[in-house]
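Structure record follows, encoded as structure tokens.
Bear in mind these aren't lab numbers, they're just calculated from the coordinates by the rules spelled out. What you are looking at is a predicted structure, and each value in this text was computed from that prediction instead of being measured. Cβ placement follows ideal geometry from the backbone for every residue including glycine, while neighbour counts extend to all protein chains displayed.
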Amino acid sequence: MAMVKNKSVGSKVFDGINCLFFVAIIVVCILPVWHVICASFSDAGWVMNQTGLIWKIERPNFNGYKLVFANNSIWTGYLNTLIYVFGNTALGMFLTVMAAYALSRKDFLWASPIMFIISFTMLFSGGIVPVYILVSQDLGLFDSRWALILPNCMSAFYLILVRTALQNVPDSLEESAMLDGAGRFTILFQIMLPLIKATLATVILYYIIGNWNSWFSAMIYLRTKDKFPLQLVLKEILVTTNNSNSNIDISVLSSGDSADAVLYKQLVKYCTIVVSTVPMFIFYPFVQKYFESGVMIGAIKG
């Protein structure tokens with residue numbers, strides 16, 4: 001049995017510095033989240049008087065969440081966001097998989113020129129104004145839900161990821177399936193896609209997170225509040241709570257908890273942040289195991 005060599009002093013120092021560095025990164029990432037969570041469950045008056053980092057929950061209560069969820073636009077925003085996320089992800093994945101499979105085939109004559117054009121769009125674009133004119137005037141999608149789905153339903157970067165993964169699937173599998181009489185769709189959906197499920201899970205995660213956090217497009221194209229996604233609704237709540245004329249409705253609180261609405265401004269901000277991020281915290285662990293392998297597929301070819 002081969003003896004394991006002892007690490008040199010330089011290697012031990014390097015490993016120690018690496019550990020300290022990544023521990024510091026973890027602390028920097030966790031502390032803001034912990035601060036917001038503790039503040040959201042604390043007493044409004046106590047939170048209002050705090051200036052530094054909040055380490056613990058003080059006088060626990062749910063008043064902030066009562067005020068946030070009493071706003072009907074929160075629930076409408078959740079529904080709209082689910083529509084945009086699932087619509088954009090489903091359409092985006094279908095188009096991405098179809099295009100990636102076609103462009104990954106060696107017998108496709110125009111694969112290289114088309115990939116060059118697609119890659120070019122990752123570096124250069126027409127800008128916000130031409131896109132706005134195209135979507136709102138030429139396509140007539142202004143103040144329409146489709147304005148948040150169609151223009152962003154496909155990403156060149158995700159296409160390249162899926163295409164690279166498909167290129168790494170052995171050609172012999174496709175050739176054997178064709179000899180057995182399988183068509184292109186059968187090969188794609190029953191043979192190719194199950195072999196790259198890690199990449200597909202990663203791309204789906206990217207699509208969902210990107211659409212869940214999106215608010216800028218909605219701010220530009222939408223005017224009807226019933227169509228606002230959750231992030232835009234929460235942005236408006238945060239903006240209104242910054243104003244001195246905040247219209248926070250404290251009537252939903254019990255008489256013992258009622259106070260000046262200004263007192264709850266800071267607490268409502270923390271609660272809205274938690275409301276918008278918790279779904280992603282719940283969703284991510286289910287696909288995390290596919291994330292690393294999905295991104296690294298195709299990084300080393302040979």
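Worth pointing out:
- Between the Cα long axis of helix 111-123 and the first principal axis of the chain there is an angle of about 20°, rounded to the nearest 10.
- Between region 161-223 and region 90-118, the Cα center-to-center distance that results, in Å: 11 Å
- Peptides 108-115, 124-131 ordered by average Cβ neighbours within 10 Å, highest first: 108-115, 124-131
- Cα pair distances of region 1-124 binned at 5 Å [whole percent]: 2, 8, 8, 8, 8, 8, 9, 10, 11, 12, 9, 5, 3, 1
- Cα-based convex hull volume of region 121-163 per residue, rounded to whole Å³: 75 Å³
- Whole-Å semi-axes of the chain's equivalent ellipsoid (Cα gyration tensor): 44, 31, 17
- For region 96-109, 3J(HN,Hα) computed residue by residue from phi via the Karplus equation (6.51, -1.76, 1.60; θ = phi - 60°) reads 5, 5, 4, 5, 5, 5, 4, 6, 8, 7, 6, 8, 8, 5 Hz, glycine and proline entered as x.
- Pairs of Lys residues in the chain are counted when their Cα atoms are under 15 angstrom apart and they lie 8 or more places apart or on different chains; the count is 7.
- Relative contact order computed over the chain (Cα-Cα under 8 Å; 6+ residues apart), in percent: 28 percent
- Long-range Cα-Cα pairs in region 72-215 (distance over 27 Å), rounded percent: 32 percent
- Cα centre as origin, Lys/Arg/Asp/Glu Cβ charges: region 1-60 dipole, Debye: 340 debye
- Legend: P(r) of region 101-172 from all alpha carbon pair distances, 5 Å bins from 0, whole percents, reading 3, 14, 18, 19, 14, 13, 10, 6, 2, 1.
- Paramagnetic reach from Asp171 (point 7 Å along Cα→Cβ, amide N under 11 Å) across region 107-123: 107-108
- For region 144-244, the pair-distance distribution built from all alpha carbon pairs, in bins 10 Å wide starting at 0, is 13, 30, 23, 18, 11, 4, 1, 0 percent.
- Gain upon complete extension [Leu123, Leu95; 0.36 nm per residue less C-alpha separation]: 8.0 nm
- Between Ser11 and Met178, the modelled labels are 4.9 nm apart [label points 7 Å from Cα along Cα→Cβ].
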